[in-house]
1. What are the semi-axes of the equivalent ellipsoid of the range A:1-99, taken as the square roots of 5 times the eigenvalues of the Cα gyration tensor, listed largest first and rounded to whole Å?
2. Using Cβ counts within 10 Å as a stand-in for footprinting exposure, how do A:202, A:66 rank, fewest first?
3. Taking θ as phi - 60°, what are the ³J(HN,Hα) couplings along the range B:91-97 by the Karplus curve (6.51, -1.76, 1.60), each to the nearest whole Hz, with x for Gly and Pro?
4. Per-residue Cβ counts within 10 Å, from other chains only, averaged over B:152-165: what number is that?
5. Loop only by DSSP, 13 or fewer other Cβ within 10 Å of the Cβ. Give me the GluC sites (Glu not before Pro) in the range B:141-194 that pass, ordered by residue number.
6. Give me the tail of P(r) for the range A:105-164 as a percent: Cα-Cα pairs with distance above 15 Å.
7. Which order do A:140, A:176 fall in if you start with the one that has the fewest other Cβ atoms within 10 Å?
8. Counting only other chains, what is the mean number of Cβ atoms within 10 angstrom of the Cβ of each residue in peptide B:181-192?
Amino acid sequence: MTEFEKALQECLYNLEQGDSNVDECLRRYPKHARQLEPILLTSAYLQRGREARPSDAFKARVRTKLVKQMYAHPRKPAGSNFMFMRLAVGLAVVFLALLATGTVYAQGALPGTAFYAWKLASENAWRVVSSDPVGIDLVIAERRVDELIAVRDEPTLYSQALEAYLKVTERLKSEIDTQNKAQILTVLDAQVEELHQSGIVLPQTDQDVIPPSDEPTLTPLSTSTATPLPVLETPQVDLTNLPQIVPTIQVPPEPDIIPTIQAPPKIIPTLEIPPPIP
Amino acid sequence: MTVRSIQTAYKDPPLLEEAQLIDEAKSGDSQAFAKLYDAYVERVSRYIYFRVSEAIDTEDLVSQVFLKAWENLDRYKIGTSPFIAWLYTIARNLVIDHYRTKKDSLPLEEAIALPSDMEMPDEEAQTRFDLQAMRDALQFLTSDQQQALILKYIAGLPNDSIAKIMNKQEGTVRGLQMRALQTLSKYMREKELV
């Protein structure tokens, strides 16, 4: 910054602060007074621009126009709520995206991994919302078989996977009815076979026992022509006239002959040396 | 014209209920915003008057400034900068857009008519002449130089506020002002205005 620029800056500052007027500044810098004077006068001159002000008619016209525009573009009363809603929607979208991504990723999880619980939870949710829970359970059972095979060499994980498999098979058995019985049993048999081929023998369970409640039942005909059986009276038993027979146990007499074991004769084998061959 | 003394830095009287009015306006209260308009319309109008050469555009631009402010009021954070500085920022951007999109701008000679609605405290011909001359003179400066001078000497803002509005360093703003004053003083000497 040159000496003149320094003088100009100082004078402008002093004028702005009201510390001095133009004449005082010029007297302070006589060497640059000729250059400074028009500039300082111009800066003072510019401040006269503050005297310009719009007329009342101008302000009223703009005001009327503005009010009309404000009514045409009303602000939402809760501006912050609007921002909050936008933020909430944004977060929800991110959350759903993460949930979807995590769920897809979790479908390949094996017992013992972090995402396995997520996998089971997503399967439960899938089952709840599905219109065909038996079909879903069959798929889940297939998954458990794959997991069993995958972790068969790790005892802790194997027992965890086995428990999960048995759980789903139990559930499938409870879902058996006349329509799906063949399908479920075929699938379960195939899975047992597959596991067997992989060297996995399932513990003996009552998996082949079909709950009696699910057995086909005979229903009486509404218009039966059969002759009804006579109703028999329940026989009455008088407990006071029971025969006084006390059962006794006869112990057979001990035999007088006590068997003995004779020790075999002590025979010491001897070696006979054959005669020398001539 | 001879100007030997100048006013001190221009200070607006603080609007006591300004923050409350802004809060109410943010909630959709148009009456509260109308009060803010009443408080600042003169300063915004003055800025635009000296920034645009076409008289006919002043009214339209002033209303656009306040409408933009109304629509974007949520972006203004109370306490970060004066409300008027935020309005000047909107006005500055609108003027820049106005010149950017205006293809058939009027020749300067046809644009110097003083709008009849910009009245003076007194109706002396000299005052009208001075203000019109000042407006014409400012058109010879670059856009940045105009803004730096108008915001400083006509709007009365300190340089740090001007720097924020113009998105420049304070030192850059000072440099713009000094160069603009030198250019303007030459022009005014030629026109025998000072």
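Bear in mind these aren't lab numbers, they're just calculated from the coordinates by the rules spelled out. What you are looking at is a predicted structure, and each value in this text was computed from that prediction instead of being measured. Heads up, the Cβs are rebuilt from the backbone with ideal geometry, glycines too, and the neighbour counts pull from every protein chain shown.
1. 55, 27, 9
2. Ascending Cβ contact count within 10 Å gives the list A:202, A:66.
3. Along the range B:91-97, the couplings run 4, 4, 5, 5, 5, 4, 5 Hz.
4. Partner Cβ neighbours, averaged per residue: 2.
5. B:192
6. Here the tail beyond 15 Å accounts for 49 percent of pairs.
7. If I rank by nearby Cβ atoms, fewest first, I get A:176, A:140.
8. Whole-number average of other-chain Cβ neighbours for B:181-192 is 4.
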